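In what follows, a single structure is set out as structure tokens and then discussed.
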Amino acid sequence: MQTFDFDLFVIGGGSGGVRAARMAGQRGAKVAVAEVADMGGTCVNVGCIPKKLYSYAAHYAESFEESHGFGWEGPAPTFNWATLKANRAKEITRLNGIYVNLLKGAGVAIITGWATLVDAHTVQVDGKNYTAKYILIATGGKATVPAVTGSEHAVTSDGVFDLNPFPKRLLVVGGGYIACEFASIFNGLGATVTQIHRGEKLLAGFDDEVRGFIAAEMAKSGVQLKFKTEAASINKTPDGLHVETLGGETLIVDTVLYATGRKPNTHRLNLSAAGVDVTTKDAIKVNDSYQTSVPNIYAVGDVTDRVQLTPVALGEAMVVVDQLFGPAAGKPLRSMSYDYIPTAVFTHPNIGTVGFSEEAARKEFGKVTVYRSDFKALKHTVSGSQERTLMKLIVDDATDRVVGLHMVGADAGEVVQGFAVAMKAGATKAVFDSTIGIHPTAAEEFVTMRDAVPPRLLASRSALPPEGAAAPAV
Ligand code: FAD
Ligand code: NDP
């Protein structure tokens, strides 16, 4: 029988890779993980965690502003970018250490360097070969920047956390998660932010009304949104970066942030040496068991270009480990479902969503009933803020099941997580109606919406509210 150095060799110490390596180690497997950068991957180092810390920082601006209505007085505090950067870096270093310790605690060998495949059972790192019965590719993805003259003067999300100096004038290109989040964050931190997007609405794939509502809220808070335009060229001059748009406008800014999507990290992995197939978009092809075209090589997370979210990479990793080394003691084999994955966009205010958009639900289920509420949160009746909250439920008429739940408002991510459990469990509108609310919260609105949006109003709502204005209350 062939013997190997390891039972499992994981390439990439990000969300999926660390979880798989740690779980496999805890099951008694002999495991190695190769990581070229700091342990923790995108999420920990240049993604979810530092982004959320910066989002917290940005929220203070509005909190200070709003506190006056509640009696707080005195001059507005000033913001120190260097302090935020230093404290973020310190926290990320702490997390890197925790990840390393978790792996060591599970007996995982950590190999630092760039890994490439030699054959179906061999990985090379820094000229040294390691053999393994199974290989897991969890190399994530990286930001893409379109070919625009002068794009070398722009940064991506990787570079945005350590900008020096603070960008007083920021141009964000893109209309997806990253663009919207960083436009909100830097706007909150005090930059003058312009966001340009090639499409007509932000956040493709989200509920149409949510897309219009968040654009209106972001515009209200100061982000200058420009749709149906792109950067044609970027020129560096002594007074800043001159960005010519396709519409012929010149924007002068300190920093241009490209947030125009990410692509899988499959280059320089030597996948062909092992026979691992990729899609036309360079993502690793996997079957329902995360097996690649080579049966003993698996892939999870962003490198497979399915759902680019940390909890999804974690879930996929645990399924692979269960398959290869058996489930944890006393637990059933895990499986992964891509239905009703909740997600949040940490804009200001947040978006939280789970299930079908109104548009997708109509296509999927035919007849649906929509419940919506658009209101000023209790806090803002005194704070002076003009921010509004949107909540929406989409119900499948045939089953009464709530198939879509959407919120734009404070802490929407926190609110929607719990509702996602109910929706995974198939909760009907009747179950929502029979649930007692927690008063006074914004979230209670989800269990107190009784009146469906009349079809007449549904038609009028299909037109998005004008940018810069909140959606009309119905
Ligand atoms: P990664 O975490 O990217 O890990 C891949 C690792 O592999 C990296 O550490 C890389 O250095 C290493 N690597 C690559 N190639 C090699 C090689 N050949 N040899 C050795 N090492 C290699 N998701 C959320 O759920 N919530 C959020 O709020 C959120 N915010 C985000 C914000 C930003 C700015 C970005 C960019 C992403 C965000 N995401 C968020 C997405 C999330 O970060 C990813 O979905 C997640 O990190 C994917 O995990 P992964 O294991 O597939 O890859
Ligand atoms: P997204 O796919 O979300 O958005 C990319 C944006 O860039 C879209 O608006 C797209 O427009 C636009 N775009 C693409 N190509 C071009 C181009 N050539 N010129 C101009 N605009 C272009 O990617 P992100 O980079 O924002 O984020 C990547 C993924 O990371 C997300 O999809 C998400 O899964 C994950 N993420 C999750 C977060 C969270 O959970 N809170 C936060 C951040 C990231 P169009 O719509 O027209 O294609």
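Kindly write out, for the range 119-129 in residue order, the coupling ³J(HN,Hα) from the Karplus curve 6.51 cos²θ - 1.76 cosθ + 1.60 (θ = phi - 60°), rounded to whole Hz, with x marking Gly and Pro.
The phi angles translate into 7, 5, 10, 10, 10, 10, 10, 6, x, 9, 8 Hz.
What lysines could a cross-link reach from LYS220, if we take a straight Cα to Cα line under 18 Å and drop same-chain neighbours fewer than 8 places away?
Here the lysines satisfying the reach criterion relative to LYS220 are LYS201, LYS376, LYS379.
Please go through the residue pairs LYS52/LYS363; LYS133/LYS263; LYS236/LYS285 and name each one whose alpha carbons sit more than 31 Å apart in this structure.
From the list (LYS52/LYS363; LYS133/LYS263; LYS236/LYS285), the Cα-Cα distance tops 31 Å for LYS52/LYS363; LYS236/LYS285.
Give me a comma-separated list of calculated 3J(HN,Hα) values for the range 82-92, in order, Karplus coefficients 6.51, -1.76, 1.60 applied at θ = phi - 60°, integers in Hz, x for any Gly or Pro.
4, 5, 4, 4, 5, 5, 4, 4, 4, 5, 5
Let me know the volume per residue of the alpha-carbon convex hull for the range 107-255, in Å³.
193 Å³
Starting from the Cα of LYS51, draw a straight line to each of the aspartates and glutamates and keep only those under 14 Å, dropping any in the same chain fewer than 8 residues away.
Answer for LYS51, where 14 Å is the Cα cut-off: GLU91, ASP158, ASP162, GLU181, listed by chain and number.
Amide H to amide H, which residues 5 or more places from THR428 or on other chains are under 5 Å from it, using H placed in the peptide plane?
VAL402
Collect residues whose amide H, placed 1.01 Å from N in the peptide plane, falls under 5 Å from the amide H of ASP5; neighbours closer than 5 in sequence don't count.
When sequence neighbours closer than 5 places are left aside, the close amide H contacts are THR131, ALA132.
Could you compute the net charge surrounding PRO327? Neighbours are other residues with a C-beta less than 14 Å from the C-beta of PRO327; K and R count +1, D and E count -1.
Net charge around PRO327: +2.
Please order LYS281, LYS376 by the number of other Cβ within 10 Å, starting at the fewest.
Fewest to most other Cβ atoms nearby, the residues stand as LYS281, LYS376.
In the neighborhood of ALA412, defined by Cβ-to-Cβ distances under 15 Å, what is the net charge if each Lys or Arg adds +1 and each Asp or Glu adds -1?
Combined, the nearby Lys, Arg, Asp and Glu give -4.
Using θ = phi - 60° and the Karplus form 6.51 cos²θ - 1.76 cosθ + 1.60, what ³J(HN,Hα) does each residue of the range 359-375 get, whole Hz, x for Gly and Pro?
Once rounded to whole Hz, the list reads 5, 5, 5, 4, 5, 6, 10, x, 8, 10, 10, 10, 10, 8, 9, 9, 8.
Treating only the Cβ atoms of Lys and Arg (+1) and Asp and Glu (-1) as charged, compute the dipole magnitude of the chain about its Cα centre; round to the nearest 20 debye.
Magnitude of the dipole: close to 640 debye.
Give me the mean projected area, in nm² to one decimal, of the convex hull enclosing the Cα positions of the chain.
Averaged projected area of the chain's Cα convex hull equals 25.5 nm².
Using the Cβ atoms and a cut-off under 10 Å, what net charge is assigned to the surroundings of LEU102, where Lys and Arg are +1 and Asp and Glu are -1?
Its environment carries a net charge of +3.
Where the Cα atoms of the range 326-460 are projected onto their three principal axes, how long is each span, largest first, in whole Å?
56, 34, 28
Rule-based calculations on the coordinates, nothing more; no lab input. These numbers come from a predicted model, not from an experiment. Every residue, glycine as well, gets a Cβ built from its backbone with ideal geometry; the counts of neighbours run over all protein chains shown.
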